[in-house]
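> Below you'll find the structure I mean.
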């Protein structure tokens, strides 16, 4: 039986007709390898921005349903053009939108989740030797309503298609050469990872890597679809393979170091130590769609019977967050609200730390030796994050990189601008 | 029961967001009249040209299927934007593409004919008080393949929807104020028609009126859908109502005078008078998709046993036609081939001429008095056309306009440029 490879090309890879011709070449190369190929594409370059701009000119708050109707046209253009480019090279190609394939989603607009993908039409066309081009980012409900999948949607479409078709692999073509969490400004000799586990990729992604949306990695992990991230312009580079940790040949306890400089810390002081206060606070933030990252609640002070609640958010949500807190302040009887946006979250990530004790203490000791003050700590099974002053971020990353022996195949990822020190 | 009005807006009416806001106002006005409204829109302004240009950059001869996939995205944009504009004004609106409605067509790309339109989803949404916005120009096959309807497609979509929904009327909004077949260069006091029959409209359309594609008029006639052609920018003007002749209050024997200056005449001389020669000739032209208008075959000359075949074509097809004839000449043993493109077809059109004898002779006498030489004549039930020298077109139209008493409500339509005389 022939192997199925799913390929995904993002908006920059199909931004104009010349780039679409290049994509056609990449697709044909995979077909010539003797594989069946299903290609998922996003909308061309700035199409989505242009459509959103027109929508905003007509309505301050366009309905989700009509917005999805509108945005789904973007992939409609790119799939047809890519199919034409493949046909022009003498290959039998056919494009399908989500409705034609049957990419079934929940009946939620702008961020629907995929429920099921019909494969009969796809398999029939693959059996006829055709290259199939599918619209990413979009889906359809049982009632025939068009939905879109939200951020990272096309990656998720590709992974879900690979899972449904039991594909050999899902290749995500992008404008970087792999999972490059290394920031050369910090660690000049860091290089791309050849292999990384789903779990590490997830933690790196959440910690600041912009290569893949966590959602597509989660889907790949759930269905054990091997993912490859690679450049559509440098085909000699195999990029980074993302797969289950059990399939990895060997891995170090720490695979990467990440720094996220885009967060702000908020401390709500002197909150009464009564039940429901934290719930009130965080559900009010959730209602405004504000994502909270690290949370620390101090022990209640015996005398005042109050405590402090500290948490971090995306700095872009700062004014929205303060507005929520201002309204809530009296209701929950809170004291001062303190804001600090001169902070950085430094994380070490590695599936290997699960069964290797002492990793956390090594991290804390390393930072202590540098005189770096740790403001908050959070941990998961494969990640340890420390909140430090922004000015300490660079030396922290460098020191952790050295202490965990991450000379060349290991990675420091920085999100946001490092301060000059 | 509430009446259903179908409205259709072409590409120039939805060319930008300001124009879409204007369309929303027109739609809302009809809704405020207490009617249920179904709106059909074309793609925005130059969208189609832009899409075709990209397709041509990728493939010299893109497949019809992918071309239809590509072009159908154009209406996808305009329907969503119009629905948003209606919602922004506080009206409940919903957009549907052809696949969602179920506008079923033949499985032919780029010029499919509508077979059936499902109305259950439309009726359900109208019953819920919604304004429905439907994508024109596109359809879907039983197998879920996307098709387009070819030239005049959106008008045909609107008329077919009106027929399927048993609508009160189908209003075609355009950039002219009605069926203005009058060319002010010829007859300054001619004005728009308030009413015209389907049959007259068809003859006027074929004779040069560009307001409506004959195909949509044919569909309207078949299902007895009253059509109104009017301007989306001048709502105080009711435009022109096109309906069955039996519903018209009164009509003159001649409703309009048309001149078509875009034809060329070809004479194939000395063709042997044997069976099958004309069939050979015209099937060869049909194969090249060349439309032939007037045809005259002379009586066979007794001595040579040959005759001449004369016919007219669109002057744009002239070189293609001559290439066909050059190949065919020896095969059918024809003599010289003569070309004359300094000709004009002058027609009078009117449903009233059916039961009023003497119209044709009045036309011929009028032209004879002017010294105009009639080269060819063709007649239908409601049209008489004379081929004259191009230089005689203007005075012929003026004289016919006077003799048939068409001072104000009657029409001269000129296609192509009149020569200065």
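> Taking segment A:285-300 only, how many residues are in a helix (DSSP H, G or I) and either closer than 23 Å to residue A:378 by Cα or at pLDDT 90 or above (or both)?
Count: 2.
> Does segment B:372-399 hold any residues that are more than 14 Å from residue B:347 (Cβ to Cβ) and without any contact (Cβ under 8 Å) to a residue 24 or more places away in the chain, and which are they?
B:373
> Out of the residues in segment B:16-30 that are more than 14 Å from residue B:88 (Cα to Cα) and assigned to a helix (DSSP H, G or I), which is farthest from the chain's Cα centre (by Cα)?
Taking the candidates together, the pick is B:29.
> Still on this structure, I have one more. Any idea which residue in segment B:39-62 is surrounded by the most Cβ atoms within 10 Å (Cβ to Cβ), counting only those that are assigned to a loop (DSSP other than H, G, I, E, B) and without any contact (Cβ under 8 Å) to a residue 40 or more places away in the chain?
B:44
> Hey, another quick one. Name the residue that is modelled with the lowest pLDDT, counting only residues in segment B:301-319 that are exposed (fewer than 15 other Cβ atoms within 10 Å of the Cβ) and under 24 Å from residue B:388 (Cα atoms).
Within segment B:301-319, the match that is modelled with the lowest pLDDT is B:316.
> Here's a follow-up. Does segment A:71-94 contain at least one residue that is in a strand (DSSP E or B), more than 18 Å from residue A:152 (Cα to Cα) and more than 7 Å from chain B (Cβ to nearest Cβ)?
Among the residues of segment A:71-94, at least one is in a strand (DSSP E or B), more than 18 Å from residue A:152 (Cα to Cα) and more than 7 Å from chain B (Cβ to nearest Cβ), which makes the answer yes.
> Okay, next question. Residue B:1: within 11 Å of chain A (Cβ to nearest Cβ), in a loop (DSSP other than H, G, I, E, B) and closer than 24 Å to residue B:160 by Cα, yes or no?
Criteria not met by residue B:1.
> Taking the condition of being crowded, with 19+ Cβ neighbours inside 10 Å, modelled with pLDDT of 90 or more and outside any loop (DSSP other than H, G, I, E, B), how many residues in segment A:367-384 meet it?
1
> Right, something else. Restricting attention to segment B:100-119, report how many residues are within 11 Å of chain A (Cβ to nearest Cβ) and either touching a helix residue (DSSP H, G or I) at 6+ places or on another chain (Cβ under 6 Å) or more than 16 Å from residue B:135 (Cα to Cα) (or both).
Going through segment B:100-119 one residue at a time, the tally reaches 0.
> Go through B:25, B:21 for me and flag whichever is over 17 Å from residue B:157 (Cβ atoms) and more than 9 Å from chain A (Cβ to nearest Cβ).
Within the list B:25, B:21, the selection yields B:25.
> Filter segment B:47-68 for residues that are touching a helix residue (DSSP H, G or I) at 6+ places or on another chain (Cβ under 6 Å) and more than 9 Å from chain A (Cβ to nearest Cβ) and give the result.
B:47, B:48
> Still on this structure, I have one more. Could you run through segment B:123-139 and say how many residues are within 13 Å of another protein chain (Cβ to nearest Cβ) and crowded, with 23+ Cβ neighbours inside 10 Å?
Of the residues in that region, 6 qualify.
> Taking the conditions exactly as written (part of a strand (DSSP E or B) and surrounded by fewer than 22 Cβ atoms within 10 Å (Cβ to Cβ)), does residue A:324 satisfy them or not?
Criteria not met by residue A:324.
The values are calculated or read from the model by the stated rules, or taken from the named source; none is laboratory data. This structure is a prediction, so every number in the text was calculated from the model and none was measured. Cβ sites come from the backbone with ideal geometry, for glycine too, and all protein chains shown count toward neighbours.
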